[in-house]
1. Can you go through Ile408, Ile372, Ile329 and tell me which one is assigned to a strand (DSSP E or B) and not acidic (Asp, Glu)?
2. Could you tell me whether the stretch 63-73 includes any residue that is at pLDDT 85 or above, crowded, with 17+ Cβ neighbours inside 10 Å, within 30 Å of Ala262 (Cβ to Cβ) and under 46 Å from the mean Cα position of the chain (by Cα)?
3. Across the stretch 157-201, what is the number of residues that are small (Gly, Ala, Ser) and within 22 Å of Arg216 (Cβ to Cβ)?
4. Return the only residue of Leu143, Leu137 being more than 21 Å from Leu256 (Cα to Cα) and touching a strand residue (DSSP E or B) at 6+ places or on another chain (Cβ under 8 Å).
5. Since Val150 meets every condition but one in (1) crowded, with 16+ Cβ neighbours inside 10 Å; (2) on the phi > 0 side of the Ramachandran plot, which condition does it not meet?
6. Restricting to the stretch 361-397, give me the number of residues that are among the aliphatic types (A, V, I, L, M) and touching a residue at least 40 places away in the same chain (Cβ under 8 Å).
7. Identify, by number, the condition in (1) touching a helix residue (DSSP H, G or I) at 6+ places or on another chain (Cβ under 8 Å); (2) closer than 19 Å to Asp295 by Cα; (3) outside any loop (DSSP other than H, G, I, E, B); (4) of a type outside the set (Phe, Trp, Tyr) that Leu80 doesn't meet.
8. For the stretch 91-146, which positions are outside any strand (DSSP E or B) and hydrophobic (A, V, I, L, M, F, W, C)?
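The values are calculated or read from the model by the stated rules, or taken from the named source; none is laboratory data. The model shown is predicted, which means the values in this text are computed figures rather than measured ones. Ideal geometry is used to build each Cβ from the backbone, glycine not excepted, and the neighbour counts take in all protein chains shown.
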Amino acid sequence: MADKRLLYFTAQRITIYAWKGNELTLEQGFASGEEGVSAFGAYVSEHPDSLYYVLADLVEEDFAQESIPAVRGKDRKALLGRKIAQRYRDTSLALVLSLGIAEAGGRREEKVLFASFTNTQLLQAWLTVLRSREARLVGVYSLPLITPLVGARIHFKSPSYLMVSVAEGGLRQTYVENGQVRFSRLGRADQSDPRALAETCAAESSRIQQYLVNLRLIQRNAGPLDVIMLAPRKDKMHYDVACRATATLQFHVLELDETTRAAGLKKAPDGTTAEALFLHILAGAQPRQQFASDDLRHYYHLWRARLATAAAGAAAFVFCVLLSLFKLIDVYHTSERTKLDRQQEAVAAQQYARMQLTFPKTPTESDKLKIIVKNYQLLSGQTNSPEPLFAQISNALAGSPQIELERIDWTASTTRPADTTRVPSTAAAGTTPGGLVQTAQIAGRINIGQTNDYRAITLIVDQFVEGLRKQPGIEVLSRRLPFDITAEKSLSGDIGTKQSVEVPRFTVVIAQKSGL
(Lines give C-alpha, C1' and ligand atoms only; values in the text may rest on other atoms or scores of the structure.)
Protein backbone atom coordinates (compact mmCIF):
# COMPACT_ATOMS: atom_id res chain seq x y z
CA MET A 1 0.00 0.00 0.00
CA ALA A 2 1.37 3.45 -0.94
CA ASP A 3 2.22 5.89 1.83
CA LYS A 4 -0.20 8.75 2.40
CA ARG A 5 1.20 12.26 2.75
CA LEU A 6 -1.04 15.15 3.73
CA LEU A 7 -0.13 18.65 2.54
CA TYR A 8 -1.66 21.33 4.77
CA PHE A 9 -1.74 24.68 2.93
CA THR A 10 -2.06 28.08 4.59
CA ALA A 11 -1.32 31.53 3.25
CA GLN A 12 2.13 31.50 4.87
CA ARG A 13 3.43 27.95 4.43
CA ILE A 14 2.86 24.32 3.53
CA THR A 15 3.26 21.61 6.15
CA ILE A 16 3.68 17.94 5.22
CA TYR A 17 2.34 15.17 7.46
CA ALA A 18 2.69 11.42 7.03
CA TRP A 19 -0.38 9.35 7.96
CA LYS A 20 -0.10 5.64 8.71
CA GLY A 21 -1.93 3.36 11.10
CA ASN A 22 -4.13 6.23 12.37
CA GLU A 23 -1.02 8.09 13.45
CA LEU A 24 -0.08 11.55 12.17
CA THR A 25 3.61 12.43 11.91
CA LEU A 26 5.04 15.84 11.06
CA GLU A 27 7.66 15.47 8.35
CA GLN A 28 8.64 18.87 6.95
CA GLY A 29 7.42 22.40 6.32
CA PHE A 30 8.12 24.88 3.52
CA ALA A 31 7.56 28.63 3.57
CA SER A 32 5.91 30.42 0.65
CA GLY A 33 8.32 31.71 -1.98
CA GLU A 34 10.64 30.41 -4.66
CA GLU A 35 13.05 28.78 -2.22
CA GLY A 36 10.25 26.95 -0.46
CA VAL A 37 8.74 25.78 -3.75
CA SER A 38 12.15 24.55 -4.95
CA ALA A 39 12.77 22.65 -1.70
CA PHE A 40 9.27 21.21 -1.93
CA GLY A 41 10.06 19.90 -5.42
CA ALA A 42 13.14 18.12 -4.09
CA TYR A 43 11.06 16.56 -1.32
CA VAL A 44 8.45 15.25 -3.79
CA SER A 45 11.21 13.75 -5.94
CA GLU A 46 12.44 11.83 -2.91
CA HIS A 47 8.97 10.30 -2.36
CA PRO A 48 7.70 9.41 -5.85
CA ASP A 49 5.48 6.51 -4.70
CA SER A 50 3.41 8.41 -2.15
CA LEU A 51 -0.21 9.49 -2.41
CA TYR A 52 -0.59 13.24 -1.85
CA TYR A 53 -3.66 14.84 -0.28
CA VAL A 54 -3.87 18.65 -0.34
CA LEU A 55 -5.89 20.33 2.43
CA ALA A 56 -6.20 24.08 1.87
CA ASP A 57 -7.11 26.44 4.70
CA LEU A 58 -7.22 29.80 2.95
CA VAL A 59 -9.19 33.01 3.27
CA GLU A 60 -9.55 33.28 -0.53
CA GLU A 61 -12.42 30.79 -0.77
CA ASP A 62 -15.77 31.52 -2.38
CA PHE A 63 -19.18 29.88 -1.85
CA ALA A 64 -22.18 30.86 -3.99
CA GLN A 65 -25.59 29.21 -4.15
CA GLU A 66 -27.65 29.25 -7.34
CA SER A 67 -30.66 27.50 -8.87
CA ILE A 68 -30.42 25.92 -12.32
CA PRO A 69 -32.93 23.95 -14.44
CA ALA A 70 -33.10 20.29 -13.43
CA VAL A 71 -31.34 18.71 -16.41
CA ARG A 72 -29.11 15.66 -16.64
CA GLY A 73 -26.25 14.19 -18.59
CA LYS A 74 -24.37 16.28 -21.11
CA ASP A 75 -26.78 19.21 -20.81
CA ARG A 76 -26.13 19.51 -17.07
CA LYS A 77 -22.38 19.24 -17.55
CA ALA A 78 -22.37 21.93 -20.24
CA LEU A 79 -24.60 24.24 -18.16
CA LEU A 80 -22.40 23.89 -15.07
CA GLY A 81 -19.30 24.46 -17.19
CA ARG A 82 -20.69 27.77 -18.45
CA LYS A 83 -21.70 28.83 -14.94
CA ILE A 84 -18.23 28.07 -13.55
CA ALA A 85 -16.51 29.89 -16.41
CA GLN A 86 -18.70 32.97 -15.81
CA ARG A 87 -17.96 33.02 -12.09
CA TYR A 88 -14.25 32.07 -11.84
CA ARG A 89 -11.22 32.96 -13.94
CA ASP A 90 -9.39 29.71 -13.11
CA THR A 91 -11.71 26.73 -13.51
CA SER A 92 -9.05 24.12 -12.70
CA LEU A 93 -9.90 24.46 -8.97
CA ALA A 94 -13.68 24.69 -8.94
CA LEU A 95 -16.30 22.46 -7.38
CA VAL A 96 -20.06 22.09 -7.77
CA LEU A 97 -22.10 20.62 -4.90
CA SER A 98 -25.71 19.59 -5.49
CA LEU A 99 -28.09 20.68 -2.73
CA GLY A 100 -31.15 18.86 -4.08
CA ILE A 101 -34.02 19.40 -6.50
CA ALA A 102 -37.13 21.39 -5.65
CA GLU A 103 -40.31 22.65 -7.37
CA ALA A 104 -40.34 26.39 -8.03
CA GLY A 105 -43.01 28.18 -10.05
CA GLY A 106 -44.28 24.98 -11.65
CA ARG A 107 -40.88 23.79 -12.83
CA ARG A 108 -38.19 21.60 -11.30
CA GLU A 109 -34.98 23.36 -10.30
CA GLU A 110 -31.75 22.10 -8.80
CA LYS A 111 -29.99 24.04 -6.10
CA VAL A 112 -26.21 23.96 -6.48
CA LEU A 113 -23.36 25.41 -4.48
CA PHE A 114 -20.37 26.71 -6.44
CA ALA A 115 -17.08 26.69 -4.53
CA SER A 116 -13.59 27.72 -5.55
CA PHE A 117 -10.56 29.76 -4.53
CA THR A 118 -10.65 33.39 -5.56
CA ASN A 119 -6.84 33.55 -5.68
CA THR A 120 -5.62 30.27 -7.14
CA GLN A 121 -2.08 31.61 -7.54
CA LEU A 122 -1.41 30.71 -3.92
CA LEU A 123 -1.87 27.04 -4.83
CA GLN A 124 -0.81 26.84 -8.48
CA ALA A 125 2.93 27.05 -7.76
CA TRP A 126 2.79 24.07 -5.41
CA LEU A 127 0.42 22.09 -7.67
CA THR A 128 2.71 22.73 -10.65
CA VAL A 129 5.56 21.09 -8.74
CA LEU A 130 3.39 18.04 -8.05
CA ARG A 131 2.39 17.83 -11.72
CA SER A 132 5.95 18.20 -13.02
CA ARG A 133 7.25 15.52 -10.62
CA GLU A 134 4.48 13.13 -11.76
CA ALA A 135 3.16 12.94 -8.20
CA ARG A 136 0.02 10.98 -7.46
CA LEU A 137 -2.30 13.77 -6.38
CA VAL A 138 -5.46 12.25 -4.91
CA GLY A 139 -7.26 15.59 -4.67
CA VAL A 140 -7.36 19.16 -3.42
CA TYR A 141 -9.67 19.65 -0.45
CA SER A 142 -10.57 22.44 1.93
CA LEU A 143 -11.55 22.46 5.59
CA PRO A 144 -15.22 23.22 4.78
CA LEU A 145 -15.43 20.04 2.67
CA ILE A 146 -14.16 17.95 5.59
CA THR A 147 -16.41 19.58 8.21
CA PRO A 148 -19.54 17.42 7.47
CA LEU A 149 -17.36 14.30 7.82
CA VAL A 150 -16.11 15.53 11.19
CA GLY A 151 -19.70 16.08 12.35
CA ALA A 152 -20.65 12.59 11.24
CA ARG A 153 -17.58 11.07 12.93
CA ILE A 154 -18.37 12.65 16.29
CA HIS A 155 -22.03 11.54 15.85
CA PHE A 156 -23.58 14.99 16.13
CA LYS A 157 -27.32 14.49 15.57
CA SER A 158 -28.54 17.97 14.61
CA PRO A 159 -29.26 18.32 10.85
CA SER A 160 -27.81 21.86 10.75
CA TYR A 161 -25.03 23.33 12.82
CA LEU A 162 -22.14 25.77 12.84
CA MET A 163 -18.70 24.27 13.53
CA VAL A 164 -16.08 26.63 14.96
CA SER A 165 -12.43 25.62 15.20
CA VAL A 166 -9.06 27.27 15.54
CA ALA A 167 -6.24 25.90 13.38
CA GLU A 168 -2.93 27.14 12.05
CA GLY A 169 -4.73 28.98 9.27
CA GLY A 170 -7.00 30.92 11.66
CA LEU A 171 -10.54 30.89 13.02
CA ARG A 172 -12.72 28.69 10.81
CA GLN A 173 -16.55 28.86 10.90
CA THR A 174 -18.47 26.44 8.66
CA TYR A 175 -22.25 26.13 8.39
CA VAL A 176 -23.51 22.61 7.54
CA GLU A 177 -27.09 21.73 6.61
CA ASN A 178 -28.26 18.16 5.98
CA GLY A 179 -24.71 16.94 5.55
CA GLN A 180 -23.78 19.61 2.98
CA VAL A 181 -21.60 22.69 3.30
CA ARG A 182 -23.63 25.86 2.82
CA PHE A 183 -21.19 28.55 3.92
CA SER A 184 -17.70 28.92 5.43
CA ARG A 185 -15.52 31.78 6.61
CA LEU A 186 -11.90 32.02 7.80
CA GLY A 187 -10.85 34.84 10.11
CA ARG A 188 -7.81 35.82 12.06
CA ALA A 189 -7.11 34.23 15.43
CA ASP A 190 -4.64 35.43 18.06
CA GLN A 191 -3.74 32.27 19.94
CA SER A 192 -1.45 34.04 22.42
CA ASP A 193 -4.43 35.01 24.64
CA PRO A 194 -6.74 31.99 25.17
CA ARG A 195 -9.43 34.00 27.02
CA ALA A 196 -9.63 36.65 24.31
CA LEU A 197 -9.70 33.93 21.65
CA ALA A 198 -12.62 32.18 23.37
CA GLU A 199 -14.55 35.45 23.58
CA THR A 200 -13.79 36.12 19.91
CA CYS A 201 -15.13 32.68 18.92
CA ALA A 202 -18.39 33.36 20.81
CA ALA A 203 -18.79 36.84 19.33
CA GLU A 204 -18.01 35.69 15.80
CA SER A 205 -20.57 32.90 16.14
CA SER A 206 -23.25 35.48 16.92
CA ARG A 207 -22.23 37.60 13.93
CA ILE A 208 -22.17 34.64 11.53
CA GLN A 209 -25.65 33.63 12.71
CA GLN A 210 -26.98 37.08 11.78
CA TYR A 211 -25.19 36.88 8.43
CA LEU A 212 -26.74 33.50 7.65
CA VAL A 213 -30.18 34.89 8.48
CA ASN A 214 -29.59 37.81 6.11
CA LEU A 215 -28.55 35.33 3.39
CA ARG A 216 -31.80 33.44 4.09
CA LEU A 217 -29.85 30.28 4.77
CA ILE A 218 -31.48 30.26 8.23
CA GLN A 219 -35.07 31.22 9.02
CA ARG A 220 -35.51 33.92 11.64
CA ASN A 221 -37.97 31.81 13.58
CA ALA A 222 -35.95 28.57 13.21
CA GLY A 223 -34.87 28.57 16.85
CA PRO A 224 -31.36 28.65 18.27
CA LEU A 225 -28.54 27.53 15.98
CA ASP A 226 -26.37 24.65 17.26
CA VAL A 227 -22.71 25.66 17.47
CA ILE A 228 -19.99 23.00 17.83
CA MET A 229 -17.02 24.66 19.52
CA LEU A 230 -13.76 22.67 19.34
CA ALA A 231 -11.68 23.91 22.28
CA PRO A 232 -8.15 22.80 23.30
CA ARG A 233 -8.03 20.94 26.58
CA LYS A 234 -5.97 23.56 28.44
CA ASP A 235 -8.28 26.39 27.32
CA LYS A 236 -11.68 24.68 27.65
CA MET A 237 -12.54 26.61 30.84
CA HIS A 238 -12.33 29.90 28.94
CA TYR A 239 -14.69 28.59 26.24
CA ASP A 240 -17.15 27.32 28.84
CA VAL A 241 -17.32 30.84 30.31
CA ALA A 242 -17.48 32.72 27.01
CA CYS A 243 -19.88 30.43 25.17
CA ARG A 244 -23.18 30.98 26.97
CA ALA A 245 -26.43 29.87 25.35
CA THR A 246 -28.64 32.66 23.93
CA ALA A 247 -31.97 32.87 22.15
CA THR A 248 -30.19 32.43 18.82
CA LEU A 249 -27.23 30.18 19.69
CA GLN A 250 -26.87 26.85 21.47
CA PHE A 251 -23.21 26.10 22.16
CA HIS A 252 -21.70 22.59 22.41
CA VAL A 253 -18.14 22.98 23.69
CA LEU A 254 -16.12 19.84 22.90
CA GLU A 255 -12.61 19.16 24.06
CA LEU A 256 -10.44 18.97 20.95
CA ASP A 257 -8.07 16.27 22.20
CA GLU A 258 -10.92 14.02 23.34
CA THR A 259 -12.80 14.55 20.07
CA THR A 260 -9.66 13.69 18.09
CA ARG A 261 -9.22 10.42 19.97
CA ALA A 262 -12.91 9.59 19.51
CA ALA A 263 -12.43 10.11 15.75
CA GLY A 264 -9.73 7.41 15.77
CA LEU A 265 -6.50 9.40 15.71
CA LYS A 266 -4.01 7.60 17.97
CA LYS A 267 -1.15 10.06 17.85
CA ALA A 268 -0.70 13.66 16.65
CA PRO A 269 2.38 15.91 16.56
CA ASP A 270 2.87 18.25 19.48
CA GLY A 271 1.70 21.81 18.88
CA THR A 272 -0.96 20.96 16.31
CA THR A 273 -4.46 22.33 16.75
CA ALA A 274 -7.71 21.50 14.94
CA GLU A 275 -5.90 20.80 11.65
CA ALA A 276 -4.80 17.39 13.03
CA LEU A 277 -8.44 16.29 13.33
CA PHE A 278 -9.32 17.45 9.82
CA LEU A 279 -6.19 15.83 8.30
CA HIS A 280 -6.97 12.52 10.00
CA ILE A 281 -10.57 12.53 8.77
CA LEU A 282 -9.37 13.36 5.23
CA ALA A 283 -6.84 10.52 5.13
CA GLY A 284 -9.33 7.97 6.38
CA ALA A 285 -12.42 9.00 4.41
CA GLN A 286 -10.95 10.31 1.12
CA PRO A 287 -14.16 12.12 0.07
CA ARG A 288 -15.17 12.22 -3.58
CA GLN A 289 -15.86 15.96 -3.56
CA GLN A 290 -12.62 17.84 -4.23
CA PHE A 291 -11.34 20.77 -6.32
CA ALA A 292 -8.57 19.35 -8.52
CA SER A 293 -9.23 18.73 -12.22
CA ASP A 294 -8.48 15.41 -13.92
CA ASP A 295 -5.37 16.92 -15.49
CA LEU A 296 -3.87 17.53 -12.05
CA ARG A 297 -4.85 14.00 -10.95
CA HIS A 298 -3.56 12.35 -14.15
CA TYR A 299 -0.77 10.30 -12.55
CA TYR A 300 -3.07 9.25 -9.71
CA HIS A 301 -5.51 7.87 -12.26
CA LEU A 302 -2.65 6.02 -14.00
CA TRP A 303 -1.59 4.52 -10.68
CA ARG A 304 -5.15 3.36 -9.99
CA ALA A 305 -5.37 1.85 -13.48
CA ARG A 306 -2.09 -0.05 -12.96
CA LEU A 307 -3.30 -1.15 -9.53
CA ALA A 308 -6.60 -2.35 -10.97
CA THR A 309 -4.79 -4.20 -13.76
CA ALA A 310 -2.46 -5.85 -11.26
CA ALA A 311 -5.42 -6.76 -9.04
CA ALA A 312 -7.28 -8.23 -12.01
CA GLY A 313 -4.18 -10.20 -13.00
CA ALA A 314 -3.74 -11.43 -9.43
CA ALA A 315 -7.41 -12.41 -9.27
CA ALA A 316 -7.10 -14.26 -12.59
CA PHE A 317 -3.95 -15.99 -11.35
CA VAL A 318 -5.64 -17.04 -8.11
CA PHE A 319 -8.64 -18.27 -10.10
CA CYS A 320 -6.38 -20.32 -12.38
CA VAL A 321 -4.52 -21.73 -9.39
CA LEU A 322 -7.78 -22.71 -7.69
CA LEU A 323 -9.11 -24.20 -10.92
CA SER A 324 -5.87 -26.15 -11.38
CA LEU A 325 -6.10 -27.31 -7.77
CA PHE A 326 -9.66 -28.53 -8.30
CA LYS A 327 -8.60 -30.30 -11.50
CA LEU A 328 -5.64 -31.86 -9.71
CA ILE A 329 -7.91 -33.10 -6.92
CA ASP A 330 -10.32 -34.48 -9.52
CA VAL A 331 -7.44 -36.26 -11.33
CA TYR A 332 -6.25 -37.67 -8.01
CA HIS A 333 -9.74 -39.01 -7.18
CA THR A 334 -10.07 -40.46 -10.68
CA SER A 335 -6.68 -42.12 -10.36
CA GLU A 336 -7.68 -43.58 -6.99
CA ARG A 337 -10.95 -44.89 -8.41
CA THR A 338 -9.10 -46.39 -11.37
CA LYS A 339 -6.62 -48.09 -9.05
CA LEU A 340 -9.49 -49.47 -6.95
CA ASP A 341 -11.31 -50.74 -10.07
CA ARG A 342 -8.14 -52.48 -11.24
CA GLN A 343 -7.74 -54.11 -7.85
CA GLN A 344 -11.35 -55.29 -7.94
CA GLU A 345 -10.83 -56.57 -11.47
CA ALA A 346 -7.76 -58.53 -10.38
CA VAL A 347 -9.66 -60.01 -7.43
CA ALA A 348 -12.58 -60.96 -9.69
CA ALA A 349 -10.18 -62.57 -12.21
CA GLN A 350 -8.57 -64.60 -9.43
CA GLN A 351 -11.98 -65.70 -8.15
CA TYR A 352 -13.04 -66.70 -11.67
CA ALA A 353 -9.83 -68.64 -12.17
CA ARG A 354 -10.44 -70.51 -8.91
CA MET A 355 -14.02 -71.24 -9.97
CA GLN A 356 -12.82 -72.57 -13.33
CA LEU A 357 -10.70 -75.12 -11.52
CA THR A 358 -13.89 -76.56 -10.00
CA PHE A 359 -15.67 -76.90 -13.39
CA PRO A 360 -15.94 -80.47 -14.83
CA LYS A 361 -13.62 -81.29 -17.70
CA THR A 362 -15.15 -80.65 -21.12
CA PRO A 363 -14.38 -82.79 -24.21
CA THR A 364 -13.42 -79.74 -26.16
CA GLU A 365 -11.66 -76.50 -25.59
CA SER A 366 -13.49 -73.52 -24.07
CA ASP A 367 -12.99 -71.37 -27.19
CA LYS A 368 -14.54 -73.99 -29.41
CA LEU A 369 -17.35 -74.49 -26.92
CA LYS A 370 -18.10 -70.79 -27.03
CA ILE A 371 -18.33 -70.94 -30.84
CA ILE A 372 -20.65 -73.97 -30.65
CA VAL A 373 -22.91 -72.25 -28.12
CA LYS A 374 -23.00 -69.14 -30.26
CA ASN A 375 -23.95 -71.14 -33.34
CA TYR A 376 -26.55 -73.03 -31.34
CA GLN A 377 -28.13 -69.79 -30.20
CA LEU A 378 -28.14 -68.56 -33.80
CA LEU A 379 -29.76 -71.78 -35.05
CA SER A 380 -32.27 -71.73 -32.19
CA GLY A 381 -33.39 -68.32 -33.29
CA GLN A 382 -33.90 -69.56 -36.85
CA THR A 383 -35.70 -72.92 -35.98
CA ASN A 384 -39.33 -73.17 -37.09
CA SER A 385 -41.97 -75.36 -35.52
CA PRO A 386 -44.27 -77.49 -37.76
CA GLU A 387 -47.15 -77.08 -35.32
CA PRO A 388 -48.87 -74.14 -37.16
CA LEU A 389 -48.67 -76.03 -40.49
CA PHE A 390 -49.98 -79.20 -38.91
CA ALA A 391 -52.94 -77.26 -37.51
CA GLN A 392 -53.82 -76.05 -41.02
CA ILE A 393 -53.58 -79.61 -42.35
CA SER A 394 -55.92 -80.66 -39.55
CA ASN A 395 -58.38 -77.94 -40.59
CA ALA A 396 -58.34 -79.29 -44.16
CA LEU A 397 -58.90 -82.86 -42.91
CA ALA A 398 -62.02 -81.75 -41.05
CA GLY A 399 -63.90 -81.62 -44.39
CA SER A 400 -62.66 -85.05 -45.54
CA PRO A 401 -63.58 -87.70 -42.93
CA GLN A 402 -62.82 -90.62 -45.33
CA ILE A 403 -59.11 -89.73 -45.32
CA GLU A 404 -56.80 -91.24 -42.75
CA LEU A 405 -53.26 -89.89 -42.52
CA GLU A 406 -50.42 -92.36 -42.36
CA ARG A 407 -47.34 -90.12 -42.42
CA ILE A 408 -46.30 -86.46 -42.75
CA ASP A 409 -42.70 -85.73 -43.82
CA TRP A 410 -41.97 -82.11 -42.77
CA THR A 411 -38.86 -80.14 -43.79
CA ALA A 412 -37.76 -76.47 -43.63
CA SER A 413 -35.18 -75.13 -46.07
CA THR A 414 -34.45 -72.21 -48.35
CA THR A 415 -35.30 -74.25 -51.51
CA ARG A 416 -38.45 -75.77 -52.87
CA PRO A 417 -38.59 -79.42 -53.95
CA ALA A 418 -37.49 -79.74 -57.60
CA ASP A 419 -39.62 -82.77 -58.43
CA THR A 420 -43.05 -81.16 -58.03
CA THR A 421 -45.69 -81.77 -60.64
CA ARG A 422 -47.21 -78.32 -60.12
CA VAL A 423 -45.30 -75.13 -59.51
CA PRO A 424 -47.13 -71.86 -58.78
CA SER A 425 -46.72 -69.07 -61.29
CA THR A 426 -45.33 -66.60 -58.67
CA ALA A 427 -42.13 -68.58 -57.98
CA ALA A 428 -39.99 -71.16 -59.71
CA ALA A 429 -38.35 -74.22 -58.22
CA GLY A 430 -35.08 -73.41 -56.53
CA THR A 431 -34.06 -70.78 -54.01
CA THR A 432 -36.90 -68.82 -52.45
CA PRO A 433 -35.98 -65.26 -51.43
CA GLY A 434 -37.09 -63.85 -48.09
CA GLY A 435 -36.51 -66.78 -45.65
CA LEU A 436 -37.25 -70.48 -45.03
CA VAL A 437 -39.90 -72.58 -46.79
CA GLN A 438 -41.73 -75.33 -44.94
CA THR A 439 -42.53 -78.38 -47.03
CA ALA A 440 -44.84 -81.23 -45.97
CA GLN A 441 -45.35 -84.51 -47.84
CA ILE A 442 -48.71 -85.91 -46.68
CA ALA A 443 -49.30 -89.65 -47.17
CA GLY A 444 -52.66 -91.19 -46.37
CA ARG A 445 -55.31 -93.67 -47.32
CA ILE A 446 -58.96 -93.47 -48.25
CA ASN A 447 -61.52 -95.44 -46.32
CA ILE A 448 -64.17 -96.27 -48.98
CA GLY A 449 -66.35 -99.28 -49.56
CA GLN A 450 -65.67 -99.70 -53.29
CA THR A 451 -61.92 -99.42 -53.64
CA ASN A 452 -62.22 -99.53 -57.41
CA ASP A 453 -64.51 -96.50 -57.62
CA TYR A 454 -61.89 -94.16 -59.11
CA ARG A 455 -64.27 -91.30 -59.54
CA ALA A 456 -65.21 -91.24 -55.86
CA ILE A 457 -61.57 -91.60 -54.81
CA THR A 458 -60.55 -88.74 -57.05
CA LEU A 459 -63.35 -86.54 -55.68
CA ILE A 460 -62.31 -87.23 -52.07
CA VAL A 461 -58.64 -86.37 -52.77
CA ASP A 462 -59.60 -83.22 -54.71
CA GLN A 463 -61.84 -82.12 -51.84
CA PHE A 464 -58.91 -82.52 -49.42
CA VAL A 465 -56.54 -80.64 -51.75
CA GLU A 466 -59.05 -77.83 -52.11
CA GLY A 467 -59.28 -77.63 -48.30
CA LEU A 468 -55.50 -77.25 -48.16
CA ARG A 469 -55.50 -74.47 -50.74
CA LYS A 470 -57.99 -72.52 -48.63
CA GLN A 471 -55.53 -72.42 -45.71
CA PRO A 472 -53.54 -69.13 -45.55
CA GLY A 473 -50.15 -69.31 -47.30
CA ILE A 474 -50.31 -72.97 -48.33
CA GLU A 475 -49.37 -73.91 -51.86
CA VAL A 476 -50.18 -77.43 -53.14
CA LEU A 477 -47.14 -78.50 -55.10
CA SER A 478 -48.26 -81.97 -56.18
CA ARG A 479 -50.63 -84.81 -55.54
CA ARG A 480 -50.33 -88.50 -56.36
CA LEU A 481 -53.46 -90.72 -56.66
CA PRO A 482 -53.59 -94.52 -56.26
CA PHE A 483 -54.01 -94.75 -60.05
CA ASP A 484 -52.67 -92.89 -63.07
CA ILE A 485 -55.15 -90.72 -65.01
CA THR A 486 -52.80 -88.86 -67.33
CA ALA A 487 -53.58 -88.64 -71.04
CA GLU A 488 -50.50 -90.63 -72.04
CA LYS A 489 -51.69 -93.71 -70.18
CA SER A 490 -54.96 -95.63 -70.09
CA LEU A 491 -56.96 -96.06 -66.94
CA SER A 492 -56.26 -99.51 -65.56
CA GLY A 493 -58.05 -101.64 -63.00
CA ASP A 494 -61.19 -103.74 -62.61
CA ILE A 495 -64.29 -101.60 -62.55
CA GLY A 496 -67.48 -103.30 -61.50
CA THR A 497 -66.34 -106.83 -62.16
CA LYS A 498 -64.27 -107.62 -59.14
CA GLN A 499 -63.89 -106.03 -55.71
CA SER A 500 -60.28 -104.86 -55.00
CA VAL A 501 -59.06 -105.62 -51.51
CA GLU A 502 -56.15 -103.09 -51.51
CA VAL A 503 -56.89 -99.78 -49.68
CA PRO A 504 -56.28 -96.82 -52.02
CA ARG A 505 -53.43 -94.53 -50.90
CA PHE A 506 -52.42 -91.04 -52.06
CA THR A 507 -49.65 -88.46 -51.52
CA VAL A 508 -49.94 -84.64 -51.44
CA VAL A 509 -46.95 -82.25 -51.25
CA ILE A 510 -47.55 -78.73 -49.89
CA ALA A 511 -45.32 -75.76 -49.14
CA GLN A 512 -45.59 -72.64 -46.97
CA LYS A 513 -43.21 -69.71 -46.41
CA SER A 514 -42.18 -69.33 -42.76
CA GLY A 515 -43.88 -66.55 -40.83
CA LEU A 516 -47.22 -66.81 -42.68
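1. Details: Ile372 fails: assigned to a strand (DSSP E or B); Ile329 fails: assigned to a strand (DSSP E or B).
On inspection, the qualifying residue turns out to be Ile408.
2. No: zero hits.
3. 4
4. On the way: Leu143 fails: more than 21 Å from Leu256 (Cα to Cα).
Result of the check over Leu143, Leu137: Leu137.
5. Val150 satisfies all of (1) crowded, with 16+ Cβ neighbours inside 10 Å; (2) on the phi > 0 side of the Ramachandran plot except (2).
6. Residues of the stretch 361-397 that are among the aliphatic types (A, V, I, L, M), as a first pass: 369, 371-373, 378-379, 389, 391, 393, 396-397.
Narrowing the set further to residues that are touching a residue at least 40 places away in the same chain (Cβ under 8 Å) leaves 389, 393, 396-397.
The number of residues fulfilling the criteria is 4.
7. (1)
8. Start the filter on the stretch 91-146 by keeping residues that are outside any strand (DSSP E or B), which leaves 91-92, 105-106, 118-135, 143-146.
Residues satisfying the conditions are Leu122, Leu123, Ala125, Trp126, Leu127, Val129, Leu130, Ala135, Leu143, Leu145, Ile146.
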